[in-house]
Amino acid sequence: MSGIDRGAAGWPVMRRDGKSAEFFDAARRGEVAIKKCAGCGVALAPEAMVCTDCAGTELTWVTASGAGTLITWTVVHKAPNRAYQELVPYTVGVVELAEGPWLYAAILGEPSAGAALRADFVHPADGESYPVWVVGDGEPV
């Protein structure tokens, strides 16, 4: 495992803004939200403001499958700030969603190149729910 305990008070607190409300609402429901271009149908990362394929600006929120592939990762041994101190060591990586977009996220389990991932969700007492990615096809951690 990556050293992250989902029950610990050490999870970072996420806060929504007007641009991220749909993403966090979906996470609270146990879903991964991404954007899709209305013009050409390309799937885009949640933070996208314009289509990277056709430059369209009419983007809609859609629910992703929650499946992905691990592209690359690193294990953090020294916390970047106090908010992450209780979590070290922890793994972060780049996840390629089955739909195509890449996300930067926490990785739970033993990482390996090309590992199959599935979304699980952190539901902290304070702040917003958000996805983390679990290696393999087992039960949620």
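Structure notes:
- Result for the chain in a Gaussian network model with C-alpha springs under 10 Å: among Gly66, Gly18, Gly114, the largest mean-square fluctuation is at Gly18.
- Considering helices alone, the calculated mean residue ellipticity of the chain at 222 nm is -1500 deg cm²/dmol, with DSSP H runs of length four and up weighted by -39500 (n - 2.57) and normalised per residue.
- Solvent exposure of the chain as accessible area per residue, Å², 1.4 Å probe: 55 Å²
- Interchain or long-range residues, amide H under 5 Å from Ala115's placed H: Leu70
- Each Lys or Arg adds one and each Asp or Glu subtracts one; over the other residues with Cβ under 13 Å from the Cβ of Pro101, this totals -2.
- The chain: relative contact order as a whole-number percent, Cα under 8 Å and 6+ apart: 27 percent
- Gaussian network model of the chain, springs between alpha carbon atoms under 10 Å - residue of Val32, Val50, Val92 with greatest fluctuation: Val50
- Diffusion coefficient, µm² s⁻¹, Stokes-Einstein with Kirkwood Rh over alpha-carbon pairs of the chain at 10 °C and 1.306 mPa s: 101 µm²/s
The values are calculated or read from the model by the stated rules, or taken from the named source; none is laboratory data. Quick caveat: nothing in here was measured; it's all calculated off a predicted structure. Note that each Cβ is placed from the backbone with ideal geometry, even for glycine, and that neighbours are counted across all protein chains shown. We work out accessible area using only protein heavy atoms, side chains counted, and drop any ligands, DNA or RNA first. Shrake-Rupley method; radii C 1.70, N 1.55, O 1.52, S 1.80 Å.
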